[in-house]
Structures are given as C-alpha cells and as structure tokens.
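Let me begin by presenting the structure, written as structure tokens, before commenting on it.
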Amino acid sequence: MLEQLLIFTRGGLILWTCKELGNALRGSPIDTLIRSCLLEERSGAASYNYDVPGAAYTLKWTFHNELGLVFVAVYQRILHLLYVDELLAMVKHEFSEIYDPKKTVYNDFDAIFQQLRKEAEARAEDIKKSKQVGKPVNGNLGKKQGQVQKGGTDGGNKKKGDGESGNDGDKVKGNAKENGHFNGSIENGVVNCKEDGNSTAGAFDVNKLQKLRAKGGKKVDTVVNKGSKAEPTKKTKKNRVWDDSPSKPKLDFTNSVSENGNENENVAGVAAEQGESMMDKEEIVSSDSETEEDEEPGKDSKVEAKKKGWFSSMFQSIAGKANLERADLEPALKALKDRLMTKNVAEEIAEKLCESVTASLEGKKLGSFTRISSTVQAAMEEALVRILTPRRSIDILRDVHAAKEQGKPYVVVFVGVNGVGKSTNLAKVAYWLLQHKINVMMAACDTFRSGAVEQLRTHARRLQIPIFEKGYEKDPAIVAKEAIQEAYRNGSDVVLVDTAGRMQDNEPLMRALSKLIYVNSPDLVLFVGEALVGNDAVDQLSKFNQKLGDLSPSPNPRLIDGILLTKFDTIDDKVGAALSMVYISGAPVMFVGCGQSYTDLKKLNVKSIVKTLLK
C-alpha cells in the first residue's frame, strides 16, 4: 500500500499531499531523501531505501524540469508495488496541466489522484494476472519491477544511467539541508580484495660486498677507493660533519635544547619566524571565466555546424530550442567529462556528474541566444559548487570553545593511508590553533612506525606544547584514552591524536582504528589524503568508511567527518581529487596542506577549485 505521495517545488514549498493516505511516516524519509540524494546528487538509481526501527520504506521520485517540481512516492519496501513508476508519471502529467506558479493550494487534485491511482492499480493487477497465465508482458512495465530501477518516467525527464537521479534536487532547500553531511555513499563500496602482507623489501648483503671488495669490482671502487671519480662525491658531502665538531648553521634547523630539556624558543619565536597561518588569510580568485566561456562555445559550434549546418545552428540560437534532448547534450557532456578526467577527477565520479547534468537539463527549453555548451557548463558549475560547499558548519574554533564551556577537551583524530603527511599536517593544525590562543596537546598514538613518536616529539618541542606518549607496541586506543584523561588534568583545550598509516584493505589495522574511535568517541575524525591520487581516492575513502562502519561494535558507528588534503602545492591544476573525495564520502574538505612550513595550511576555496576544474 502506498504510504504517501508528495508534490513540492525545488525551493521546498509543498504544493500537494494525499490527505486520504495520511499515514504517519516513521522517521523523516523525505527529509533524508532531500539531504542525501537530491541535494548531493549521490543516488545512482531511481529509488532510495530508508530504514528506521519498525519500518523500511522505499522512495521513488521524478522531476518536471521545466516547471521545477518534484514528485515523491513512499511505500513499504516489503510490498514491491509495481504501479508506482507509472503512477508518478501520470501524476506528473496531470498536475503539470493544472499547475499555476501563483497558486499554492490544489485541493481539487484529490479526485484526479484517486482516479489515476485506481487506473494504475488496475494495470498492475492485469500485469500480475498475465504473468500467472504466462502471457508476454509489456517490456516497458516489466523493467519497472524490483527495488532499483534503471528506467524512469516518460517525456524528456527520464532517469537514465547511474548517478543521475540526484539531478534537479540541486535547488531543493528543505529543512534537511542544515542537518549535516551524508555518509551513506559507502553502501556501494564492495570489498573484494585483502591486503597481502608479503613484502619483498630486500636487505643489504654484507657478504656480497666483501666478495666484491676481494675481486676489486668497479662498483666498490667508486664508493670505497679514493680515486678521481670519488672527488666529486667528497665535494658534495663537504657540509656533512662526522666528528664532534658543531654542524654549520646552514644545516642546523633544530632548536637549541638545554640539559633539562627546556627550549630557548617559545611559540612567539616560532610565530615570528614562520608568520601567520594561511588559514586566516582570504584567497583572492582572479576572474577570467569570460574568456574561457567564450572559447568553449566555439568548440561546440563546430560540432553543431557539422551536423546541422550554419543556418540551422544560427536559427536555433536565435529562436531557442523547444526541448533539450539527450542527443543534443551528448557532445558537450563528452567534452566536459574528458576535461574533468584530465583534472584528476575519478572516471566514475565524472560519469555520474555528467549523467546528473543530463537529467537536470533534459526536457528544458533552451533560451534565445543561448548555446548548448554554455548551458551545460553553467549546469555543471552549479553542481560542482553544490557538491564542494559544506552542508554543515566546519568552524572548529567555535566547536572548541563550545567544548571548553562544557569542561571537556575537543578531540581530533587524524586517519589515512601511509605516507600522506598526517603527522606534519597535525603540527600545522596545532600551530594554527596556538595562534588563536588555544591550549593544544598532541597524542602519539602511532605506536607502529619507527620514528613516529620522535617525529611528533620534535614538532611538540618546536611549538612548545605538551605531548602524551607511551612508546611503541602499545594499544593505540588505550594510549588515546589516557591522553584524553591527561588533557582533563592539565587543562588542554584540544587533543590532536596521531594514528598509524594503514591501507584501506588491511583489516587488522582497520579494526584497531575502529576500536580507537569507538573507545574514545572523538569530536572530529579527519581523513588525511593526498591531492595526487586520482581513481584511488574513491577506493580509499569508500573502503575507509565501510570498514569503520562494519568493524565498529556500535549500532551507530562514527565515520569520516572531514578531509584534510595534503601536497596541494604539487599538483598544478590537477585538483580533481578534492571533488572525488567529497563526492564519495559527503565529508567536507576542512584543511588544505600546501607546503612544508607550519603556516602552509589553507581553507578550500570552492570557487577557485570549480574554476580550475572547468578551465
């Protein structure tokens, strides 16, 4: 039985709802649909499953792009109603006939809906009977069975392919928009492989070296003997000092420490040397988008000229096209997809974005003096801005002060794969917090990698902040717990927890990370990822989220809350990793690392990223 049918505008204004149904829905399935699918463009099918204790709903929807209307049907998942797709199509057609933008109440539509519902149910019964008898079933209706439909409604608003059904929800501004980001994209991530622990790292063989020395090999001569070839090597190593003499000032970048371990350099000294963190500086974006927009229509006009000729192309540009069709959009979308992939956007994400743009433009009327390529580019720009703009507050300073008022420390856990720069960027975040007069403490919970504790200790010494450490081969979850208890005692406002790098397929290490998060309940879980990755960004984030969810004993596991992108200064215009990571996880990019000094930490400039992606 149909639970609810709702018609509302993209602005969130409810125009009509079936009063006869009037069933009280458990939870908030429609708000969740708006937040997780329509706003974020993350649904790859024409249906959405919503689970709540005591009920399991399936939601289906369709759009009227020209009028800006959304039609949503809700029913119990166990029923597998066959007529919902057809009913939505019929309701869309009939309601569009009586729709008036100035009108907000449509009580007269109740009788029309009852008639449409009876017709749809009667057709569904006929299909059931024909199946039982063994008669051939209409192909279009047969495709509509099951939970996940690849097809959709009639007209120019069909649902085609993956990732497009979130299309026109871009401007839906329901209450759910403020309720945080969506972490539900992990449901598509399937783990089919396991991390193989067999490493073939070779060690230096001393016996081979002795044999080579006995034979007087050339390779040994170049290193050991003092011949003419060894002279340049000596010159390059002049600055290295092997005896007890002090090293030259050029190479001495460490802080002078007395016998008691007290530093001569305080935070003010570090700030004077390093300067102000880039997090507090506004980045100015130059606008040369006019020239870029002028270039792209020129490219698309060549494609159109080949197909339709100069006169028809010019006439269509002046008079406007009745309704945009998929074939009209394909050339411009193909060029746009290739451009996104050259900017390091994962192929899967680029494909889904193009499908979303197609579904949002299909059926719309092209205005006069407007080219298809510029229309597609504008729609893609809106989609990218919408995806990259955070859906919840990412003001860490405000959250820190709120936690301080409650008398507890604000805990941040840094997670990620090996070698992405977690410890270095943790120190950058600590430096930024220190500049805002916040007491910071580091927790060395990377008890696996050699030198990890010493690295963090060096940063703590330079920044003159406390560090909690228990050495190596300890349980990271217990170390983090004791660090938080120590923060309560010494009055630290923030605890920055460093963790060991781990591959997303390494189940034992992922289980240990899940335990650390479950035991300590941090306020923020930051995923540290490289800006250099392409398709691997999707795999890393989706599997990290999936493992954190699967391995946690909690019924409501904590997933990734935010992203810290590192090595952003090394990628030139290949900024697609930011888009891929945000799209797959729904978590916002909170920090961007762009150098090796403490000040090299920035906020993500959404306009700049979008401009670079479409350039």
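The values are calculated or read from the model by the stated rules, or taken from the named source; none is laboratory data. Note that the structure is a prediction, hence the values are computed from the model and not measured. Note that we place each Cβ from the backbone using ideal geometry, even for glycine, and neighbour counts take in every protein chain shown. Just so you know, the surface numbers come from the protein's heavy atoms only, side chains and all, with ligands and any DNA or RNA stripped out. Shrake-Rupley method; radii C 1.70, N 1.55, O 1.52, S 1.80 Å.
What to note about this one:
- Scoring 550-557, 274-281 by mean Cβ neighbours within 10 Å over their residues and listing the highest first yields 274-281, 550-557.
- Summed over the residues of the range 2-125 and divided among them, the accessible surface reaches 40 Å² per residue at a probe radius of 1.4 Å.
- Counting Lys and Arg as +1 and Asp and Glu as -1 over every other residue whose Cβ lies under 15 Å from the Cβ of Lys408, the net charge comes to -2.
- About the Cα centre, charge dipole magnitude for the range 323-388 (Lys/Arg +1, Asp/Glu -1 at Cβ), debye: 200
- Anisotropy class of the range 2-125 from Cα gyration tensor, a/c 1.5 cut: oblate
- Summing charges over all other residues whose Cβ lies under 9 Å from the Cβ of Met442, with Lys and Arg as +1 and Asp and Glu as -1, gives -1.
- Listed pairs Lys428/Lys543; Lys352/Lys567; Lys481/Lys567; Lys60/Lys92; Lys574/Lys607; Lys334/Lys615 exceeding 19 Å between Cα atoms: Lys428/Lys543; Lys352/Lys567; Lys481/Lys567
- Tensor-based shape of the range 323-388 (alpha-carbon gyration tensor, a/c under 1.5 rounded, otherwise prolate or oblate): prolate
- Packing rank of 352-363, 439-450, where each peptide gets the mean count of other beta carbons within 10 Å, highest leading: 352-363, 439-450
- DSSP-defined beta bridges in the range 396-605 - what % are antiparallel, rounded to 5: 5
- Computed from the Cβ-Cβ distance with R0 of 56 Å, the FRET efficiency linking Asp100 to Arg449 stands at 0.25.
- Surface accessible to a 1.4 Å probe, per residue, for the residues of the range 323-388, Å²: 37
- Glu125/Ala24 FRET efficiency (R0 30 Å; Cβ-Cβ; nearest 0.05): 0.60
- If the chain linking Asp572 and Ile14 were pulled fully straight, counting 0.36 nm for each residue of separation and taking away their Cα-Cα distance, it would gain 196.3 nm.
- Long-range amide H partners of Ala587 with built H, under 5 Å: none
- Accessible area of the range 374-462 belonging to carbon and sulfur atoms, whole % at 1.4 Å probe: 51
- Rounded if a/c under 1.5, otherwise prolate or oblate - the range 396-605, Cα gyration tensor axes: rounded
- Environment charge of Thr599, counting only residues whose C-beta is closer than 9 Å and scoring Lys/Arg +1, Asp/Glu -1: -1
- Expressed as a whole percent, the accessible area of the range 2-125 that falls on carbon and sulfur atoms is 52 (1.4 Å probe).
- Gain on full stretching of the segment that runs from Gln406 to Asp280 - 0.36 nm per residue minus C-alpha separation: 42.8 nm
- For the range 449-516, accessible area per residue (1.4 Å probe, heavy atoms of protein chains only), Å²: 44
- Contact order for the range 2-125, expressed relative to its length and based on alpha carbon pairs under 8 Å spaced 6+ residues apart, stands at 25 percent.
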